[in-house]
Amino acid sequence: MAMRAPAKDIRLRIAVVTPELHRTGGTERANSEVVGQLARDHDVCLYAHHWVPDAGTNICYHKVPVIPWPGLVRFLSFFASASLAVRRGEKSHGHYDGIYSPGANCLQVQVSTAWFCQARQLALFRSGDHRPPPASAMDWLLLMHRWSYSWIVEKVERVFYHRPRLQRVITQSHLLARDLQHFYGVAPERVAVAHGGVNALTFDPAERTALRPQARRELGLRDGEFVFLFVGNNWLIKGLYHVMRALVEVPGVRLLVVGVGTERPESWQRFSRELGVADRITYLPRRSDILYYYAAADALLAPSVYDTFPLMPMEAMACGLPVIISRQTGVAEIVGEEDALVVSNPKETAELAELMRRMASDGELRERLVANGLRLARENAWDRIHQAVLTELFDVAEKTSSARKNLK
């Protein structure tokens, strides 16, 4: 769908509703980029429970209270509290020109970016094909909680995407647009697709190269040891189960797994011991300076079983790191086979293992992928999502203004 360019000389008053706003995690960094750009040119009121402000950002912050645990209660309590807070804000300070939210976060949202489809994740849970059995009672409890979370949030999303006040949903991929239409019945004309990208200024190849000796030394990596990096908040959909199975067939390489803190590693550690690869895997926490991990690695592994548009492959390309991705992700819509190694199905571990061996053994291949990846990253700017959001907010403001004039 073609989107008209927004007017540059009109300053909007925008409400942004999101549980958290910070730069720890790919989706979180994308949200921060969008909101930060909106705040440079417009008046932004942020309704969030947790915010780590960027330097120089001018945002009016409304802290939204939540019940912090468990995650399902946190989600539902934020949705209810944010809906009340936005309603009070509209009554106290006047109407907003547009209300934007990255996801289903309150009742009043008019423009939303969709990053995920809980109905799809629920289908992956039910398949039972993408994770090892829980290793402890706590693992079982957390798995049951994740099932419950997806089951209930799927129902919230189903209602949210059909609310009359929601005028447009922006997705980063046709993959997600199809899922919203298939699982929730969202009309195609209500969905706009704007592929994600990367802020190439943030991920600099020269900075990665300079940081590399320090990062590898601090992480205890030997000289000449080939290191694959795997990053994710949800190891099931990111394909870690299949990565570990493939690792059996790729001797002599090490795997860094980032995400401890949002995932419990016990069941994965037990599974890796059963496979005989535990001594080649290191589990690491998330950190806001993800470039540190990119610097330590020799290649990024992102063979997700489902991912609407993972940002890590684009970030890795932007800083000169070669990448393996899955065909079953939104980023594959813009990444060609000359830009990255692409596994058709991550469940096919023989294919994934072959790509890993090629990556580790072929220096000329890596150089070619790095050169093409840098070009692709430069061609796919991060601000396409921001421009799409801004265009839709201007459209909402125009419709709202016309409606008020007609009521007078």
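The values are calculated or read from the model by the stated rules, or taken from the named source; none is laboratory data. As the structure is a computational prediction, the values presented were derived from the model and not from experiment. Please note: Cβ atoms are built from the backbone with ideal geometry, for glycine as well, and neighbour counts cover all protein chains shown.
Tabulated data
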| item | result |
| --- | --- |
| Residue check for Leu180: at negative phi, touching a strand residue (DSSP E or B) at 6+ places or on another chain (Cβ under 7 Å) and assigned by TED's automatic domain parsing to the domain that holds Gly363 | no |
| Helices (runs of 4 or more DSSP H) wholly inside the range 330-408 that include at least 2 residues being more than 29 Å from Ala192 (Cβ to Cβ) and of a type in the set (A, V, I, L, M) | 349-361, 363-379 |
| Criterion (of a type in the set (A, V, I, L, M, F, W, C) and surrounded by 24 or more Cβ atoms within 10 Å (Cβ to Cβ)) met by exactly one of Ile290, Ile334, Ile281 | Ile290 |
| Qualifying residue in the range 72-80 (condition: under 26 Å from Arg11 (Cα atoms), among the β-branched types (Val, Ile, Thr) and assigned by TED's automatic domain parsing to the domain that holds Leu141) | no |
| Condition check for Trp147: within 30 Å of Ala246 (Cβ to Cβ), in contact (Cβ under 8 Å) with a residue 12 or more places away in the chain and touching a Phe, Trp or Tyr at 6+ places or on another chain (Cβ under 7 Å) | yes |
| Residue, modelled with the lowest pLDDT, within the range 21-40, restricted to residues that are out of contact with any helix residue (DSSP H, G or I) (no Cβ under 7 Å at 6 or more places or on another chain) and within 22 Å of Phe160 (Cα to Cα) | Thr27 |
| Any hit, the range 159-166, residues being touching a residue at least 12 places away in the same chain (Cβ under 8 Å), outside the structural domain of Met314 (by TED's automatic domain parsing), of a type in the set (Val, Ile, Thr) and under 23 Å from Leu393 (Cβ atoms) | no |
| Residue within the range 354-375 that is within 23 Å of the chain's Cα centre (by Cα), surrounded by 19 or more Cβ atoms within 10 Å (Cβ to Cβ), closer than 20 Å to Val305 by Cα and hydrophobic (A, V, I, L, M, F, W, C) present | no |
| Odd one out for Gly320, checked against (1) part of a loop (DSSP other than H, G, I, E, B); (2) closer than 21 Å to Glu28 by Cα; (3) touching a Lys or Arg at 6+ places or on another chain (Cβ under 8 Å) | (2) |
| Where a residue in the range 353-378 is within 16 Å of Val331 (Cβ to Cβ) and its partner, wherever it lies, is in a helix (DSSP H, G or I) and acidic (Asp, Glu), with Cβ under 9 Å and at least six apart | Ala377/Glu315 |
| Identity of the residue in the range 33-51, among the aliphatic types (A, V, I, L, M) and touching a residue at least 60 places away in the same chain (Cβ under 8 Å), that ends up surrounded by the most Cβ atoms within 10 Å (Cβ to Cβ) | Val34 |
| The range 12-33, residues that are closer than 17 Å to Phe203 by Cα and either among the aliphatic types (A, V, I, L, M) or in a strand (DSSP E or B) (or both) | Ala30 |
| Unique match (being closer than 23 Å to Glu207 by Cα and not assigned by TED's automatic domain parsing to the domain that holds Ser101) among Glu338, Glu364 | Glu364 |
| Single residue of Arg88, Arg120 found to be of a type in the set (Lys, Arg), buried (at least 19 other Cβ atoms within 10 Å of the Cβ) and over 18 Å from Ala397 (Cα atoms) | Arg120 |
| Qualifying residue in the range 283-292 (condition: assigned to a helix (DSSP H, G or I), without any contact (Cβ under 8 Å) to a residue 60 or more places away in the chain and either within 24 Å of Gly363 (Cβ to Cβ) or of a type in the set (Gly, Ala, Ser) (or both)) | no |
